[in-house]
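Q: Take this structure, written in structure tokens, and hold onto it; I'll ask about it next.
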Amino acid sequence: MRCLWCVLIGVLLLSACGGGGTGSDGNSPMGNQPTATPEPDPTAIPTLEPTVLPSDEATPEPTADPLVWPVENGRFGTPQETFTLPGPSASGGLYLMDVQASFPEVNWQTLDRLYIPAGHYKFIRLGNLPERTSDKPLVITNINGQVRVGGLDHYYLFVLSGGSNWILTGRYDPESGTGHSDFPGHRGGRFAHSQDTYGLMVDDDFVRDSVSGLGVSGATDFEIEFIEIKEVGFAGMSLKTDDAGEAHMSNVKLHDNYIHDTGSEGLYIGSTQAQPQHQIRDWQIYNNRILRTGTEAIQLGQLAGHTRVHNNVFGPAAIDWRAAFQAWQDNNFQIGLREGYLEVSNNIFIGSAGSMISFFAQDIAGDAGSENQGATFTNNYFTGIRNLGMYINNVVLPNMTYRFENNVFANYRFDRDQVYEATPYNHLLRVVNTTTPLVLEKNTWQGPENFSNLIGNNGVSGNVSSSDNQNDAATNLQFVNSGLPDNFNYLDLEMWAAIETRGDNQPVAYPLDTIVMHLGLPYKCQQNPCPGGTVPPQNPEIWTARPVFSDDVRILPGSDWQTLGLQPN
């Protein structure tokens, strides 16, 4: 198995996912028919209208457009030693299980760039990457155009193993000799319609159900950035070494990636198999767009050390909740904490069917526990909740405290009984741990009468201290250009399913105006209801094709939640 209320209006910081903001990439989903509009220029950067000041006020100094993100040229330095791998073989793949042994003439300790030639690959498998030092990392990137992996019916796609202190990047940086100018991704703030524009892209066209986009095992101290992964049958990224308790996967950075339209998880980090399994230690996960995932947007297990998850957009998640590959795989954020400290802040989480947060403490023999602090959730916005806002299991770890401060839980609608036998709880947070200290402070929720099952709303009881929490509606997220209006209800966006396999195996009939994703493309229901089993592209009189979502999921500068989600580095 896997507030925010004190935002300074003048601060021009950005953030992240879904909503309409200053634009959309087509008609409102509430309309009956799509409007023919010109396709936006994918290279155009939206701009803000200048503020008009009263004549008696001094005109401020001009400031940079807040939607144009800084470009960091020279991030990796100028390369001195480079090596270019061979392109796709006659069978369409690149298979180098021991890349160092395959090219003994290369000095793998001093090489600056390892280039993958542009092309369409059936698969890429690079093993035994070198162990480097943090001050001399090996940068792995594309050259002479885009590297696309997938869509050619292979049982794995892009797999790396071994080594340390390497960086996998599709970033276009002419000074650093990485990427390619024709494939800049979201460089400079070009988030809208950035699909297919990254130098490294995994796109399997949903050819197979069970494959993940990018897999990493047997490695530690690595970084992954500026990669697009889409339309894979399982997880976007699978980062773990199963059944290797002695392995290390520490000091990892995942940032500025674009993962969307996956059959299952967006990020699958840490094993969910029986022990022994290695720890996931000291990770940083930030500025990622993880959009429209079939099951969890992020699954983060075997945690230890100090891991930070901040300024991401996660969701809509669990959109395949009616027909997920396993029962109960319909949360947004699944956590397995063994020891140490987890810090979750300034994220946007959209969509869940089971629990928005599914939190499992893990008491594993041999874990020291000397670093234990607990988990802190601060300044996050959770929206689109079909059942619980959070579930915490009953496992007690020493010296832990769980803190939830200044978070928003919005847009609750109980739908759980559409698939599972269930009745609504009278509380949003369900905690079965009555020992570990739990602090709930200054949170806002919309939905059930009580915030927590242990204490209701505010007060002190047992292990719970709860204060200044209020049941109230929050203002909507305002996105720069997600392709949907700001008032869109994300509970009305699902992955199309012919049969409700997690329920009673009956055809699924969809209400009028529901938007479904079918093979990565959106369609809107035009009947009430749209009959079960009607495949959207084959039934245009029932399902209207919508424009592909633009996915600029930054928060509109100057709006209430501008400090959340994606932020310029």
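The values are calculated or read from the model by the stated rules, or taken from the named source; none is laboratory data. What you see is a predicted model, and the numbers here were worked out from it, not measured in a lab. Note that we place each Cβ from the backbone using ideal geometry, even for glycine, and neighbour counts take in every protein chain shown.
Q: Filter region 209-226 down to the residues that are more than 13 Å from residue 162 (Cα to Cα), in a loop (DSSP other than H, G, I, E, B) and charged (D, E, K, R) and list them by number.
A: Scanning region 209-226 gives a single hit, 209.
Q: Is it fair to say residue 205 is touching a Gly at 6+ places or on another chain (Cβ under 6 Å), modelled with pLDDT of 95 or more, surrounded by fewer than 24 Cβ atoms within 10 Å (Cβ to Cβ) and within 28 Å of residue 479 (Cα to Cα)?
A: So residue 205 fits the description; yes.
Q: Okay, moving on. List the number of the failed condition for residue 377; all other conditions in (1) farther than 19 Å from residue 240 by Cα; (2) within 16 Å of the chain's Cα centre (by Cα); (3) of a type outside the set (A, V, I, L, M) hold.
A: (2) is the only condition that residue 377 fails.
Q: Another question about this same structure. Got at least one residue in region 310-327 being closer than 18 Å to residue 412 by Cα, β-branched (Val, Ile, Thr) and surrounded by 24 or more Cβ atoms within 10 Å (Cβ to Cβ)?
A: Among the residues of region 310-327, at least one is closer than 18 Å to residue 412 by Cα, β-branched (Val, Ile, Thr) and surrounded by 24 or more Cβ atoms within 10 Å (Cβ to Cβ), which makes the answer yes.
Q: If we scan region 221-237, do we find a residue that is more than 18 Å from residue 287 (Cβ to Cβ), among the aliphatic types (A, V, I, L, M), crowded, with 22+ Cβ neighbours inside 10 Å and touching a Phe, Trp or Tyr at 6+ places or on another chain (Cβ under 9 Å)?
A: The answer is yes; a qualifying residue exists.
Q: When residues of region 397-431 are filtered for being of a type outside the set (Phe, Trp, Tyr) and in contact with a strand residue (DSSP E or B) (Cβ under 7 Å, 6 or more places away or on another chain), how many remain?
A: Residues meeting the conditions: 16.
Q: Among the residues of region 326-354, which ones are modelled with pLDDT under 95 and out of contact with any Asp or Glu (no Cβ under 8 Å at 6 or more places or on another chain)?
A: 326, 327, 328 - these are the residues of region 326-354 that are modelled with pLDDT under 95 and out of contact with any Asp or Glu (no Cβ under 8 Å at 6 or more places or on another chain).
Q: Need at least 2 residues that are in contact with a Gly (Cβ under 6 Å, 6 or more places away or on another chain) and of a type outside the set (S, T, N, Q) per element, so show me which strands (runs of 3 or more DSSP E) inside region 86-167 make the cut, counting only ones lying wholly within it.
A: Fully inside region 86-167 and qualifying: 113-121.
Q: Which residues, taken from region 363-378, are within 27 Å of residue 347 (Cα to Cα), in contact with an Asp or Glu (Cβ under 8 Å, 6 or more places away or on another chain) and surrounded by fewer than 23 Cβ atoms within 10 Å (Cβ to Cβ)?
A: 371, 372, 376, 378 - these are the residues of region 363-378 that are within 27 Å of residue 347 (Cα to Cα), in contact with an Asp or Glu (Cβ under 8 Å, 6 or more places away or on another chain) and surrounded by fewer than 23 Cβ atoms within 10 Å (Cβ to Cβ).
Q: Looking only at region 465-496, filter to residues that are charged (D, E, K, R) and not in a loop (DSSP other than H, G, I, E, B); which one of those is nearest to the chain's Cα centre (by Cα)?
A: 494
Residues checked against (1) at pLDDT 95 or above; (2) more than 24 Å from residue 313 (Cβ to Cβ); (3) outside any loop (DSSP other than H, G, I, E, B); (4) not aromatic (Phe, Trp, Tyr):
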{"residue": "528", "(1), (2), (3), (4)": "yes, yes, no, yes"}
{"residue": "537", "(1), (2), (3), (4)": "yes, yes, yes, yes"}
{"residue": "540", "(1), (2), (3), (4)": "yes, yes, no, yes"}
{"residue": "554", "(1), (2), (3), (4)": "yes, no, yes, yes"}
{"residue": "559", "(1), (2), (3), (4)": "yes, no, no, yes"}
{"residue": "563", "(1), (2), (3), (4)": "yes, no, no, yes"}
{"residue": "567", "(1), (2), (3), (4)": "yes, no, no, yes"}
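Table: residues versus (1) of a type in the set (Asp, Glu); (2) at pLDDT 95 or above; (3) within 14 Å of the chain's Cα centre (by Cα).
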{"position": "263", "(1), (2), (3)": "no, yes, yes"}
{"position": "306", "(1), (2), (3)": "no, yes, no"}
{"position": "314", "(1), (2), (3)": "no, yes, yes"}
{"position": "323", "(1), (2), (3)": "no, yes, no"}
{"position": "366", "(1), (2), (3)": "no, no, no"}
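Q: Please give the strands (runs of 3 or more DSSP E) falling wholly within region 282-342 in which 3 or more residues are touching a Ser or Thr at 6+ places or on another chain (Cβ under 8 Å) and either under 23 Å from residue 386 (Cα atoms) or among the basic types (Lys, Arg) (or both).
A: So the answer is 333-337.
Q: How many of the residues in region 455-474 are more than 26 Å from residue 413 (Cα to Cα) and polar (S, T, N, Q)?
A: Of the residues in that region, 3 qualify.
Q: Mind listing whichever residues of region 444-464 are part of a strand (DSSP E or B) and either closer than 22 Å to residue 394 by Cα or at pLDDT below 95 (or both)?
A: Result: 450, 451, 452, 456, 459, 460, 461, 464.
Q: Quickly run through region 208-235 and pick out the residues that are touching a strand residue (DSSP E or B) at 6+ places or on another chain (Cβ under 9 Å) and either on the phi > 0 side of the Ramachandran plot or modelled with pLDDT under 95 (or both).
A: Result: 218, 221, 226, 231.
Q: Can I ask one more? Could you give every pair whose Cβ atoms fall below 6 Å, whose first residue belongs to region 356-375 and is under 29 Å from residue 295 (Cβ atoms), and whose second residue is small (Gly, Ala, Ser), counting only separations of at least 6 or pairs across chains?
A: 356/389; 360/336; 362/336
Q: Would you call residue 550 surrounded by 16 or more Cβ atoms within 10 Å (Cβ to Cβ), touching an Asp or Glu at 6+ places or on another chain (Cβ under 7 Å) and in a loop (DSSP other than H, G, I, E, B)?
A: yes
Q: If residue 435 satisfies every condition in (1) over 21 Å from residue 331 (Cβ atoms); (2) in contact with a helix residue (DSSP H, G or I) (Cβ under 8 Å, 6 or more places away or on another chain) but one, which is the exception?
A: Answer for residue 435: the failing condition is (2).
Q: Return the residue satisfying two criteria in turn: it lies in region 380-414 and is under 23 Å from the mean Cα position of the chain (by Cα) and assigned to a loop (DSSP other than H, G, I, E, B), and of such residues it is surrounded by the fewest Cβ atoms within 10 Å (Cβ to Cβ).
A: Selected residue: 413.
Q: Would you mind telling me which numbered condition in (1) in contact with a helix residue (DSSP H, G or I) (Cβ under 7 Å, 6 or more places away or on another chain); (2) modelled with pLDDT under 95 residue 506 fails?
A: (1)
Q: If only one of 238, 176 is farther than 16 Å from residue 159 by Cα and either modelled with pLDDT of 95 or more or not in a loop (DSSP other than H, G, I, E, B) (or both), which one is it?
A: Unique residue meeting the criteria: 176.
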